[in-house]
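Below is one structure, written out as structure tokens; comments come after it.
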Amino acid sequence: MASSPRPRARARSVRLAAAALAAAAALAALVAVPARAEVRDPGPGGLQAQLQALVDAAGGPPGAIAVMRRGDRTQVYRAGVSELGTGRAPRTTDHMRIASTAKAFSGAVALSLVDRGKLCLDDTIGRRLPSLPRAWAQVTLRQLLQHTSGLPDYSAAPAFLAILTADPRHHFDSRKLLDYVRNEPLLFRPGSRYQYSNSDNIAVALMAEAATGRPYEELLRTLVYRPLGLTQTSLPQGYTLPEPYLHGYAFDPPNPPEDVSTVLSASGVWASGGIVSTPKDLTAFIRGYAGPALISAPTRRQQYTFVPGASEPAGPGTNAVGLALFRYTTRCGTVYGHTGNFPGYTQLMAATADGTRSLTFSITTQVNKTLTPALLAQLRATQEDFVCQLLR
């Protein structure tokens, strides 16, 4: 169980975390088998030096860990510490908030149900979720997964942000998060353009529940965790993290970094960003999800239909969006995955289409183009170099 911050420090942590989440929400409105061994990067230069440079940058993360896997060989790159003041390096078994990479998990659930005939990509909100606003009725599962639905983003709603700011550990009813925007019209005609929205994946999870009569958390366990051997991945409702965990930090110069790991309740992001996992489990997930292990070939062909669009934050290279999966076209080749950012954490997971090569890249502060544009540019350049090494 995480201890509570000192009162003054906690107050500042609350303000930093709530402000960071609000900024991210506003930006969103705009826009299998474990490795046999871990091999440490042997040299002082190259990728290891770049990872260290991220940690050493102004406002850079106190800790960073990248896991590169090719076949059965795993290389682990680490810089900084898992918690300030401890000297302990990040580990592949440390828990962390995976932020919006959780959206790929909701995609994995939905597409697995498509394979089983429980859902159809052309199912509509009106058919599966008739209690939601009639104005949203024609939005399809396909559009939700590709962020072309036009649903307004609940996480940018003033009423939601007011509650979050007043009580960041507030326990939201995750299945009623869309109520914060239920009186809002669609932002555009469904399917007409791309706009990233946290509301989309809440609706995806609700459709999965409606189609099966089973809780989303149970569907994750049976359709995703178990088939891919994910033993340290969960979707909590509270604010605590399992030990050991990577501590996430926010910055408010000239004050020292503040630990915001346990400031926010996961109930307010749920299927859109609430999952907790480890670098090891995230590696296993993206190899199975981007590769052929989890979803049938016909469904993957639908998933691998891309339109221009960046994840948040943007991943390396040129970004395009499929169904709960992004394509990252770099100077060295193409990988598929998802990114995410949340107060205290920024994530990238990516793999080749055959699932044999993968990269997970985790840092312990929130980075995006609104909060830290210069650091994001450095992060994306570093990630692209890691992808190049992965594909070499």
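Just one of the numbered conditions (1) in a helix (DSSP H, G or I); (2) touching a strand residue (DSSP E or B) at 6+ places or on another chain (Cβ under 8 Å); (3) among the polar types (S, T, N, Q) is not true of Thr222: (2).
Considering (1) open to solvent by less than 10 Å² (accessible area, probe 1.4 Å); (2) closer than 11 Å to Arg97 by Cβ, the lone condition that Gly268 does not fulfil carries the number (2).
Within the set Arg182, Arg189, the sole residue that is more than 29 Å from Asn319 (Cβ to Cβ) and open to solvent by 50 Å² or more (accessible area, probe 1.4 Å) turns out to be Arg182. So, Thr278, is that one over 14 Å from Ala104 (Cα atoms), polar (S, T, N, Q) and open to solvent by 10 Å² or more (accessible area, probe 1.4 Å) or not? Considered against the rule, which asks whether it is over 14 Å from Ala104 (Cα atoms), polar (S, T, N, Q) and open to solvent by 10 Å² or more (accessible area, probe 1.4 Å), Thr278 comes out as no. Taken over the range 345-364, the criterion of being at negative phi and either surrounded by fewer than 24 Cβ atoms within 10 Å (Cβ to Cβ) or at pLDDT below 95 (or both) is satisfied by Thr352, Ala353, Asp354, Thr356, Arg357. Considering only residues in the range 365-378 that are of a type in the set (A, V, I, L, M, F, W, C), touching a Leu at 6+ places or on another chain (Cβ under 9 Å) and at pLDDT 95 or above, the one that is surrounded by the fewest Cβ atoms within 10 Å (Cβ to Cβ) turns out to be Leu375. Could you go through the range 363-372 and let me know if any residue there is among the hydrophobic types (A, V, I, L, M, F, W, C), in a strand (DSSP E or B) and touching a Ser or Thr at 6+ places or on another chain (Cβ under 9 Å). Yes: one or more hits. Considering only residues in the range 296-324 that are assigned to a loop (DSSP other than H, G, I, E, B), over 13 Å from Ala350 (Cβ atoms) and open to solvent by 10 Å² or more (accessible area, probe 1.4 Å), the one that is modelled with the lowest pLDDT turns out to be Glu312. Restricting the range 83-128 to residues that are more than 21 Å from the chain's Cα centre (by Cα) and among the polar types (S, T, N, Q), the residue that is surrounded by the most Cβ atoms within 10 Å (Cβ to Cβ) is Thr124.
The values are calculated or read from the model by the stated rules, or taken from the named source; none is laboratory data. From a predicted model like this one, the values you see are computed outputs, not experimental measurements. Glycine gets a Cβ as well: all are built from the backbone with ideal geometry, and neighbour counts include every protein chain shown. When the accessible area is computed, the model is the full protein with side chains, heavy atoms only, and any ligands, DNA or RNA have been set aside. Shrake-Rupley method; radii C 1.70, N 1.55, O 1.52, S 1.80 Å.
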